[in-house]
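Peer 1: Let me give you the structure first, and then I'll get to my questions.
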Amino acid sequence: MRFQLTRECRREAGKLIIGILALQGGFHLHQLSLESLQIKSELIRYPKQLDHCDALIIPGGESTTLMKQIMKNNFFDSLIEFANKKSIMGTCAGMIISSCRSSDKLNRSLSVIDIEVDRNSWGRQVHSFEAEIIVNFDIDNPFNATFIRAPKVSRMGHGVESFAEYGDSAVLLSDGRHLMASFHPEIGDDNRIHKLFMGMIK
């Protein structure tokens, strides 16, 4: 289900450059989702590239490996500084490392958003699944979400709102600036989650 931005939104979106952290994981599919909305993107491999980005997507992948790459490439402080001023969308592993705390005690977190998560709560890679979820901004049209080694939110802090649930767990949530998803919204041809993120960019 491809959604088009309104003419006014397209005009504003055309001025944006969305960075996609490209150290590890499924960054290319996010780029395709942005292309479908006619939004410019840049694959980010060096901290200096963040300077001219209006927002950033941290994609899914393997959270421990991703954090090792972030530390190796001197991204840690730059990402925290970026998040204090601009919007970040984290999906799956991106959500894990953006949280305040995760069940991975050996892994550092960016503390971008006031949530705590448990890794792999719906099983390992072989237990990946798809499920239709109801998103609160378009309740008449379920979103087909793909969960791959998905994290589960164990705590939501003050000011964090759930936009969708699976079972008794929030799987899409925001604090007004940042957007986090347990699943992979870049898989498939439904770009509504990316469109939602565009609306959060100040």
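The values are calculated or read from the model by the stated rules, or taken from the named source; none is laboratory data. Quantities reported herein were computed from a predicted structural model and do not represent experimental measurements. Neighbour counts run over all protein chains shown; Cβ positions are idealised from the backbone, glycine included. These accessible areas exclude ligands, DNA and RNA; they are computed on the full protein's heavy atoms, side chains included. Shrake-Rupley method; radii C 1.70, N 1.55, O 1.52, S 1.80 Å.
Peer 1: What pairs come up if the first residue lies in the stretch 137-157 and is within 14 Å of VAL171 (Cα to Cα) and without any contact (Cβ under 8 Å) to a residue 40 or more places away in the chain, the second is of a type outside the set (A, V, I, L, M, F, W, C) and open to solvent by 70 Å² or more (accessible area, probe 1.4 Å), and their beta carbons are under 7 Å apart, counting only those six or more places apart or on different chains?
Peer 2: If the second residue must be of a type outside the set (A, V, I, L, M, F, W, C) and open to solvent by 70 Å² or more (accessible area, probe 1.4 Å), the pairs left are PRO142/GLU132.
Peer 1: Report, by residue number, each residue of the stretch 139-162 that is closer than 16 Å to LEU179 by Cα, of a type in the set (D, E, K, R) and either touching a helix residue (DSSP H, G or I) at 6+ places or on another chain (Cβ under 9 Å) or modelled with pLDDT of 95 or more (or both).
Peer 2: Within the stretch 139-162, just GLU161 meets the criteria.
Peer 1: A further question follows. Take the residues of the stretch 73-88 that are assigned to a loop (DSSP other than H, G, I, E, B) and either acidic (Asp, Glu) or closer than 12 Å to VAL112 by Cα (or both): which is least open to solvent (accessible area, probe 1.4 Å)? Talk me through it step by step, then tell me what you get.
Peer 2: Here is the first cut: in the stretch 73-88, the ones assigned to a loop (DSSP other than H, G, I, E, B) are 73-75, 84-86.
Cutting the leftovers down to either acidic (Asp, Glu) or closer than 12 Å to VAL112 by Cα (or both) gives us 84-86.
Values: ASN84: 108, LYS85: 140, LYS86: 65 Å².
This residue is LYS86.
Peer 1: Look through the stretch 39-72, keep the residues that are assigned to a loop (DSSP other than H, G, I, E, B) and at pLDDT below 95, and return whichever of them is least open to solvent (accessible area, probe 1.4 Å). Let's see the steps before the verdict.
Peer 2: Start the filter on the stretch 39-72 by keeping residues that are assigned to a loop (DSSP other than H, G, I, E, B), which leaves 39, 45-46, 53-54, 59-62.
When the remaining residues are screened for being at pLDDT below 95, the result is 60-62.
Numbers: GLY60: 3, GLY61: 40, GLU62: 40 Å².
The residue in question is GLY60.
Peer 1: I'd like the full set of residues that are of a type in the set (Gly, Ala, Ser) and touching a Cys at 6+ places or on another chain (Cβ under 8 Å), limited to the stretch 43-62.
Peer 2: Answer for the stretch 43-62, where residues must be of a type in the set (Gly, Ala, Ser) and touching a Cys at 6+ places or on another chain (Cβ under 8 Å): GLY60, GLY61.
Peer 1: Same structure, new question: Being loosely packed, with under 15 Cβ neighbours inside 10 Å and assigned to a strand (DSSP E or B) is true for just one of GLU165, GLU132. Which residue is that? Quick ask: steps written out before the conclusion?
Peer 2: On the way: GLU165 fails: loosely packed, with under 15 Cβ neighbours inside 10 Å.
Result of the check over GLU165, GLU132: GLU132.
Peer 1: When you go through (1) open to solvent by 20 Å² or more (accessible area, probe 1.4 Å); (2) aliphatic (A, V, I, L, M); (3) in contact with a helix residue (DSSP H, G or I) (Cβ under 9 Å, 6 or more places away or on another chain) one by one for LEU172, which number turns out not to apply?
Peer 2: Going through (1) open to solvent by 20 Å² or more (accessible area, probe 1.4 Å); (2) aliphatic (A, V, I, L, M); (3) in contact with a helix residue (DSSP H, G or I) (Cβ under 9 Å, 6 or more places away or on another chain) one by one, LEU172 breaks only (1).
Peer 1: Here is a further query. For the stretch 150-161, does any single residue satisfy the condition of being more than 21 Å from CYS100 (Cβ to Cβ) and open to solvent by less than 10 Å² (accessible area, probe 1.4 Å)? Working first, answer last.
Peer 2: Start the filter on the stretch 150-161 by keeping residues that are more than 21 Å from CYS100 (Cβ to Cβ), which leaves none.
No: zero hits.
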